[in-house]
Every structure is written in C-alpha cells, then in structure tokens.
Amino acid sequence: MTQTAPSTSTSAQAANVDAGEIAKFNQIAAQWWDLNGDFKPLHLLNPVRLSFISDQVQGLFGKTCIDIGCGGGILAESMAHAGAQVTGIDMAADALDIARLHALETGACVNYQQQTAEAAAQQWPAQFDVVTCMEMLEHVPDPAAIIQACADLAKPGATLIFSTLNKTAKSFLFGIVGAEYVLRLVPKGTHDFQKFIRPSTLMRMIENAGLVVTDATGLHYNPIQQSFRIGAGLDVNYFVVAQKPGTVKSATNEPSNIVTVPVAAVTNE
Ligand code: SAH
C-alpha cells in the first residue's frame, strides 16, 4: 500500500470529532509510553488483546492492519512487531508525534496519519485485512459512523475488532469510580458514562454497517495481580469481533468461513 499525505477532513467528518476529547489526549501525550503513567491500563492489557487479535486472524504476520484511534501506538506498534503492515490513525497530533518517536526508537514500521476514520475510508477503501478500533468509540460523538468507516476500510472477508465499555452499574463502578478515583489507574474525567455503549447497541451498529458479528468476550481487571484476562462477561470492558462478508483475497482464494453468533446469545442485555 502506498503512503499518502493525510487528506483534509470535510466539515461533516470533522463533526464526528470531539475537540475536547482530542485536547485531553493531546495534553497527556507525553505519558503514552510511561508504563506507570496515565496509560498504564492500556500497557497492562495490550499483551492480552494482542494475542486475542492474533488468534482471531490466524496470525498477524503479513496482514495489512489499520488501528483507528491508535493514540501513542501501543497496539499499532505491537502488531507491527508481530509482522503486520500497520497504519495507525488518530486525531491527536501530539499522540502521533509520540507514536512516531517511539517507533523510531524501537524500529517498528507503522504508517501514522492524523486522519479521521471517515477520511481514511475514502482514502483506503477495502484495503485492510484487519481493522482494530480499541477503547475509542466511547470518545466520539457518532460511534456508528466510525464503525461504518471501519467496514469501508475492511477488505471483503476481513476481520474487525472493536473494544469499548458497557453501560452498566458495574462499569460505572469499575470503569469510572474504581479506575479514576479509587485505584487512580487513569486520570479523572477520562470517561463519560453517558458515552459507554451496550453490547446490543454496538452489535446493532456493526450489523447496520453490513458486517457479521462472529465473537464477543469480556476483558477483566484483577487489581491484586494488576493484570487483565479475557473471558465471559461483557458487563465492563468488552470486545466484539466482526467479519466483512465476502471472500478473503488469498493465494488459494478460499471462501471465508463466517460463523454467525446470534446477538441475543452474547449480549448482557
Ligand atoms: N486505541 C488506543 C488508544 C485509546 S485512547 C489503545 O487502545 O491503546 C482513545 C484514542 O482515540 C485517543 O488517542 C484519541 O485521540 C483518539 N480519538 C478520539 N476521537 C477520535 C476521532 N474522532 N478520530 C480519531 N481518533 C480519535
């Protein structure tokens, strides 16, 4: 894939960016790679989600991946180290500066662009084997439009993986009170409960974008061990995996084998 300059957002695309959120992420950009800083939870959970993603796509080596809302590049870089050809987009310029510097230090090859998902979808339609959008949907005004853009970026047969926070009493308690005030894992004001997304809502958005939900699982934090694990229970942080219908373009041109998970079977609603 050729690397091109970032395209200018139209006002419609810019409307799906919360300037306050971007300013917040720019302000703490220097912390992205501080393992004990504001992004400590993302560092703790990254190995777990990386192996989850890798399993979902039968290995990342040689795959074209785009990470939407990549921030300082914690996931994007780790996918590049696993042999994927990675593009990372974000609207926080300072986070991208840190991401580029860090990639220089570690020798990771990632194409970082300051770009909205919607603009990226116009620039690179149907070009990616893997689309990841992690812990980002709860920071945008219109998550459904981001999901549509992710669908447009995906090749037929591609895998898309979303993660966000559920809208439950437990997610309020763990995701905001626990993480921001008790354990002080992330800065106060990181999350707005109103923007948390129920799995049923997320899955509806995914299906409305023409994708097929294939898996959903929870992400659980153990404060004693300071570690995350993946397992049943979507009530706080969770992943939803989807596939774009169609045939994966591969040497053998085998049809993709999509297994549909009935939405009702996996939601917490
Ligand atoms: N996905 C990363 C970072 C999550 S933090 C990870 O899980 O490690 C959320 C990121 O989304 C921030 O870097 C923020 O700047 C970015 N973001 C928020 N709104 C955005 C938008 N409309 N377009 C692109 N990036 C956005």
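Summary table
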| item | result |
| --- | --- |
| Single residue of ALA232, ALA242 found to be modelled with pLDDT of 75 or more, within 19 Å of LEU137 (Cα to Cα) and of a type in the set (A, V, I, L, M, F, W, C) | ALA242 |
| Residues of region 15-48 classified as farther than 16 Å from ALA179 by Cα and either within 9 Å of the ligand (Cβ to nearest atom) or aromatic (Phe, Trp, Tyr) (or both), total | 12 |
| Tally of residues being at negative phi and within 13 Å of the ligand (Cβ to nearest atom) across region 73-92 | 13 |
| Boolean, LEU165 is more than 13 Å from the ligand (Cβ to nearest atom), touching a Gly at 6+ places or on another chain (Cβ under 9 Å) and under 23 Å from TRP32 (Cα atoms) | no |
| Candidates LEU202, LEU153, LEU165, LEU160 - the one that is closer than 21 Å to GLY20 by Cα and touching a strand residue (DSSP E or B) at 6+ places or on another chain (Cβ under 7 Å) | LEU165 |
| Hits in region 100-134 (condition: near the ligand (Cβ under 9 Å from one of its atoms) and farther than 17 Å from ASN16 by Cβ) | THR132, MET134 |
| Whichever residue in region 49-72 is within 11 Å of the ligand (Cβ to nearest atom) and under 21 Å from PRO125 (Cα atoms) and, among such residues, is surrounded by the fewest Cβ atoms within 10 Å (Cβ to Cβ) | GLY69 |
| Region 42-70 residues that are closer than 12 Å to VAL131 by Cα and in a helix (DSSP H, G or I), paired with ones that are hydroxyl-bearing (Ser, Thr, Tyr) and near the ligand (Cβ under 8 Å from one of its atoms) (beta carbon under 9 Å, 6 or more apart) | ILE53/THR132 |
| Residues of region 165-195 that turn out to be farther than 20 Å from ILE28 by Cβ and within 16 Å of the chain's Cα centre (by Cα), as a count | 1 |
| Checking ALA209 against (1) modelled with pLDDT under 95; (2) small (Gly, Ala, Ser); (3) surrounded by 17 or more Cβ atoms within 10 Å (Cβ to Cβ), the condition it does not meet | (1) |
| Cβ pairs under 7 Å, 6+ apart, first in region 132-148 and touching a residue at least 40 places away in the same chain (Cβ under 8 Å), second among the aromatic types (Phe, Trp, Tyr) and more than 7 Å from the ligand (Cβ to nearest atom) | CYS133/PHE162; LEU137/PHE162; GLU138/PHE196 |
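To keep it simple, each residue is scored yes or no on (1) assigned to a helix (DSSP H, G or I); (2) in contact (Cβ under 8 Å) with a residue 24 or more places away in the chain; (3) surrounded by fewer than 18 Cβ atoms within 10 Å (Cβ to Cβ).
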| site | (1), (2), (3) |
| --- | --- |
| ALA158 | no, yes, no |
| THR164 | no, yes, no |
| LYS167 | no, yes, no |
| ALA179 | yes, yes, no |
| ARG184 | no, no, yes |
| GLY218 | no, no, no |
| TYR221 | no, yes, no |
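The values are calculated or read from the model by the stated rules, or taken from the named source; none is laboratory data. These figures come from a predicted structure and were not determined experimentally. Don't worry about glycine lacking a Cβ; one is built from the backbone with ideal geometry, like all the others, and counts go over all protein chains shown.
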